[in-house]
Amino acid sequence: MNQETLKKLVGKYATRYVEDDMTVGVGSGTTVKYFVEALAEKVKNNNLKIKCVATSSQTARQAKRLKLPVYSLCDINQIDLTIDGADEIDSNMNGIKGGGAALLREKIVATNSQKNIWIVDHSKLVKNLGRFPLPVEVIPFGYEQLMKKFEALGYQPVLRTNETSAIVKTDSNNYILDLHLGKINDPIKLATILDSTVGVVEHGLFLNVVDEVVVGNSDGISVLK
Ligand code: 5RP
């Protein structure tokens, strides 16, 4: 099975966690796109009454197009369950997210969710985090100074740009610095440093956030808890 097929498989599989009357956090990325498609189908076929909270404007647009009811986080009481993707997951089920620049809303939705499930193909499972560049969302004001700080710390920051070399702006109009760390020996320590750095809005280390990981393997699906 190729990677796309595995993404589709886990996306569809994750719909089994969604029950009637739930408020569902809907993540971002190419794997979640398949989940949204399958969820819309399930909701329609079973006439489910659910509420969705999207972690990105892109996901909100897709969900609305497929007639899923999308609510603002301010307008709901609590999120029962969030289904999201991930860029890397280590053996402690800590992860890196933000490859799609949606990490801030993803973390806000995740931390307001009773249960978090990530859906990934097996290529996302790693021994140590850090091969995937760590996305850090920063305030545009003075971001060059932050880059210098990160450079001095050996973090090798790269300002994220798009295919036309324009600076990528997040849904909250911030920038992303991707830190090329190679291997993160102590994710908790790094998260603490980034959390206390002025100008950093949020970072893509999601530590102790996820409850279950649905993994697409060439011979089927496995669930890590
Ligand atoms: C977006 C994310 C995504 O969940 C992550 O990048 C995984 O995406 P994909 O399923 O496309 O590999 O964190 O900010």
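Brief remarks on what is shown
- Residue that is of a type in the set (A, V, I, L, M, F, W, C), assigned to a strand (DSSP E or B) and surrounded by 20 or more Cβ atoms within 10 Å (Cβ to Cβ), where the choices are L190, L177: L177
- Residue count, segment 39-73 (criterion: among the β-branched types (V, I, T) and not in a helix (DSSP H, G or I)): 4
This table checks each residue for (1) buried (at least 17 other Cβ atoms within 10 Å of the Cβ); (2) touching a Phe, Trp or Tyr at 6+ places or on another chain (Cβ under 8 Å).
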{"residue": "V43", "(1), (2)": "yes, no"}
{"residue": "K49", "(1), (2)": "no, no"}
{"residue": "C52", "(1), (2)": "yes, yes"}
{"residue": "T59", "(1), (2)": "yes, no"}
{"residue": "Q62", "(1), (2)": "yes, no"}
{"residue": "R65", "(1), (2)": "no, no"}
{"residue": "N77", "(1), (2)": "no, no"}
{"residue": "D87", "(1), (2)": "yes, yes"}
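- Scanning segment 124-145 for residues that are surrounded by fewer than 23 Cβ atoms within 10 Å (Cβ to Cβ) and over 16 Å from the mean Cα position of the chain (by Cα) gives V126, K127, N128, R131, I139, P140, F141, G142, Y143, E144, Q145.
- Meets criteria (in a loop (DSSP other than H, G, I, E, B) and under 25 Å from R105 (Cβ atoms)) for N208: yes
- Note on segment 146-179: among residues that are hydrophobic (A, V, I, L, M, F, W, C) and over 22 Å from the mean Cα position of the chain (by Cα), the one that is nearest to I96 (Cα to Cα) is F150.
- So L39, is it crowded, with 20+ Cβ neighbours inside 10 Å, away from the ligand (no atom under 14 Å from the Cβ), farther than 15 Å from V109 by Cβ and not β-branched (V, I, T): yes
- Single residue of I76, I108 found to be at negative phi, within 16 Å of the ligand (Cβ to nearest atom) and modelled with pLDDT of 95 or more: I108
- Single unsatisfied condition, A101 versus (1) within 19 Å of G199 (Cα to Cα); (2) within 16 Å of the ligand (Cβ to nearest atom); (3) not in a loop (DSSP other than H, G, I, E, B): (3)
- Any chance M22 is within 17 Å of A110 (Cβ to Cβ) and either more than 12 Å from the ligand (Cβ to nearest atom) or crowded, with 23+ Cβ neighbours inside 10 Å (or both): yes
The values are calculated or read from the model by the stated rules, or taken from the named source; none is laboratory data. None of the values given here were measured: they were computed from a predicted structure. Virtual Cβ from ideal backbone geometry, glycine too; neighbours counted across all protein chains shown.
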